[in-house]
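Below: the structure, in structure tokens.
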Amino acid sequence: MFTLITVTLRTFKNFACKSAKTRYLSVLGVETSCDDTGIALLNENGEVLGNVLNSQQKFHTRYGGIIPPRAQDLHRAKIAEVFEHCMEEAKMTPDMLDAVGVTTRPGLPLSLLVGARFAKHIARKYKKPLVPVHHMEAHALQARMEQNIPFPFLCLLISGGHSQLVFVRSATEFLLLGESLDDAPGEAFDKIARRLRLFLISKYRYWNGGQAVEDAAKDAKNPTRFEFPLPLARERNCNFSFAGIKNNAFRNIRTAERQEGTPPDGIIYNYHDFCAGLLAAVSRHLMNRTQRALEFTLPWFGDAPRSLVVSGGVANNDYIFNDLAHLAEHYDCRAYRPSKKYCSDNGVMIAWNAIEQIKHDRSCMRFDYDAVSIQGKAALGVSKLDAVTEAGIKCKWVQASKWRGAQSPFEVAQ
């Protein structure tokens, strides 16, 4: 009898130890930096236990852009419901969480405030640590959740609000190489698509501008019909400018409308060709600036494998990503991007960034909730903009697009 009890106790002890060893860190991610209310629950292995996203896109599309006060109202109305659905999907209760990650910077202040207050409420109620997350750092690290991408790597962040090139050395060390001087690519796509009136086509009514332009471009017959000059052609740095492309697009549209007599509720005949030319111009600009960043950072990689990560909402664009992957190949570099469902804003990327931070340094977990504040504008990493400009790197441009039909894989250096 004693032997049986001893064996039983040993078995239970071994099972308990085994269970304890397989207990993974579980982190909640709260994202409300713009117009998406996203909450997700992940474990440290990158397993998504729950993921719920409420998009406001259909609402804001009617007004031609995001209205911050209304975005805040919609976040407030939905955030508790999104949280409850996330926990139900994960089949967990809040007391089982190990930490709460939340976007605190950068973003729309009114929207950030809703997420930060809600995350603090959950953390305080269940006595969980809070992990503040930089929105763009979260985008940069997202691809590591699904793919084995070692540090360091070069990252191109392209979205509706940002266009940045950063060299990522660790979960908390970012070196800024280039940024947009004016519009972001997603913003330019949205404004141009609205001016082109693509929303009049039922298929594109609730699509964002980038999606509509990419889809319309697929049916182009003459992609070179419209001209789009290359921005910053003489500037030997890694900065971006999409205002010139946008303004040139507006001029092209006005000229075509006058020539065709397009009515106020109409679209120019050759809008497919226009979208193809626009997409090629944006892709070429992104490629050129990224190529210079690759040239600049080659010594930083050392003997480590070279990786280029493309993230943010515009990373969903297959034409642009394929061009960038083609560029990466010329530098013995592999290109990655998150799954399309994780390229745009979501709670998963916030939870994953919190996990990356915790693994790197557990001091990121904070219980001084009231000291955690939001920032509408926040720098990304340490600036190396001047160093890139001083290097003045001259490049032989890798040919970007199959639509331009160049015979040589290289263009003239600038």
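Confirm whether residue 289 is surrounded by fewer than 20 Cβ atoms within 10 Å (Cβ to Cβ), touching a residue at least 12 places away in the same chain (Cβ under 8 Å), within 22 Å of residue 398 (Cα to Cα) and within 23 Å of the chain's Cα centre (by Cα). Considered against the rule, which asks whether it is surrounded by fewer than 20 Cβ atoms within 10 Å (Cβ to Cβ), touching a residue at least 12 places away in the same chain (Cβ under 8 Å), within 22 Å of residue 398 (Cα to Cα) and within 23 Å of the chain's Cα centre (by Cα), residue 289 comes out as no.
Kindly indicate whether residue 373 is surrounded by fewer than 15 Cβ atoms within 10 Å (Cβ to Cβ), modelled with pLDDT of 95 or more, small (Gly, Ala, Ser) and outside any helix (DSSP H, G or I). The answer is yes for residue 373. In contact with a helix residue (DSSP H, G or I) (Cβ under 7 Å, 6 or more places away or on another chain), surrounded by 23 or more Cβ atoms within 10 Å (Cβ to Cβ), under 30 Å from residue 202 (Cβ atoms) and modelled with pLDDT of 95 or more: does that describe residue 282? Yes. In region 200-210, which residues are surrounded by fewer than 19 Cβ atoms within 10 Å (Cβ to Cβ) and touching a residue at least 40 places away in the same chain (Cβ under 8 Å)? 200, 201, 205, 206 - these are the residues of region 200-210 that are surrounded by fewer than 19 Cβ atoms within 10 Å (Cβ to Cβ) and touching a residue at least 40 places away in the same chain (Cβ under 8 Å). Figure legend. Inter-residue proximity from region 247-270: first residues assigned by TED's automatic domain parsing to the domain that holds residue 199 and over 12 Å from residue 228 (Cα atoms), second residues among the hydroxyl-bearing types (Ser, Thr, Tyr) and surrounded by fewer than 18 Cβ atoms within 10 Å (Cβ to Cβ), beta-carbon distance below 7 Å, spacing 6+ or different chains. Indicated pairs: 260/269; 268/262.
Is at least one residue of region 232-239 within 30 Å of residue 55 (Cβ to Cβ), within 28 Å of the chain's Cα centre (by Cα), crowded, with 20+ Cβ neighbours inside 10 Å and of a type in the set (A, V, I, L, M, F, W, C)? Looking for residues that are within 30 Å of residue 55 (Cβ to Cβ), within 28 Å of the chain's Cα centre (by Cα), crowded, with 20+ Cβ neighbours inside 10 Å and of a type in the set (A, V, I, L, M, F, W, C), one finds none in region 232-239, hence no. When residue 237 is tested against (1) in a loop (DSSP other than H, G, I, E, B); (2) more than 26 Å from residue 394 (Cα to Cα), just one condition goes unmet, and that condition is (2).
Selection of first residues in region 67-90 that are within 13 Å of residue 55 (Cβ to Cβ) and of second residues that are of a type in the set (Asp, Glu) and buried (at least 17 other Cβ atoms within 10 Å of the Cβ), restricted to Cβ pairs under 7 Å at least 6 apart or on distinct chains, gives the following pairs, ordered by first then second residue: 71/35. The residues of region 107-141 that are aromatic (Phe, Trp, Tyr) and surrounded by fewer than 22 Cβ atoms within 10 Å (Cβ to Cβ) amount to a single one, 126.
Looking only at residues in region 50-70 that are among the hydrophobic types (A, V, I, L, M, F, W, C) and modelled with pLDDT of 90 or more, the one that is farthest from residue 199 (Cα to Cα) is 52. Only residues that are assigned to a helix (DSSP H, G or I), in contact (Cβ under 8 Å) with a residue 24 or more places away in the chain and farther than 23 Å from residue 172 by Cβ were counted across region 324-359, and they come to 5. List the pairs whose first member sits in region 364-379 and is charged (D, E, K, R), whose second member is not in a loop (DSSP other than H, G, I, E, B), and whose Cβ atoms are under 9 Å apart, counting only residues at least 6 apart or on separate chains? Sorted first by the residue in region 364-379, then by its partner, the pairs are 366/123; 366/130; 366/131; 366/132; 368/130; 370/120; 377/105.
Of the residues making up region 292-314, those that are within 16 Å of residue 327 (Cα to Cα), in a helix (DSSP H, G or I) and touching a strand residue (DSSP E or B) at 6+ places or on another chain (Cβ under 6 Å) number 2. Residues that are under 15 Å from the mean Cα position of the chain (by Cα) and not charged (D, E, K, R) were ranked within region 181-193; the one that is surrounded by the most Cβ atoms within 10 Å (Cβ to Cβ) is 185.
Can you pull out every residue in region 248-277 that is of a type in the set (A, V, I, L, M, F, W, C) and part of a loop (DSSP other than H, G, I, E, B)? Scanning region 248-277 gives 267, 268.
Determine whether residue 344 is among the hydroxyl-bearing types (Ser, Thr, Tyr) and modelled with pLDDT under 95.
Against the criterion (among the hydroxyl-bearing types (Ser, Thr, Tyr) and modelled with pLDDT under 95), residue 344 qualifies.
The set of residues from region 377-390 being touching a helix residue (DSSP H, G or I) at 6+ places or on another chain (Cβ under 6 Å) and part of a helix (DSSP H, G or I) comprises just one member, 388. Summed over region 136-167, residues that are closer than 24 Å to residue 48 by Cα and in contact with a Cys (Cβ under 6 Å, 6 or more places away or on another chain) total 1.
The values are calculated or read from the model by the stated rules, or taken from the named source; none is laboratory data. Source: prediction; values computed, not measured. Ideal geometry is used to build each Cβ from the backbone, glycine not excepted, and the neighbour counts take in all protein chains shown.
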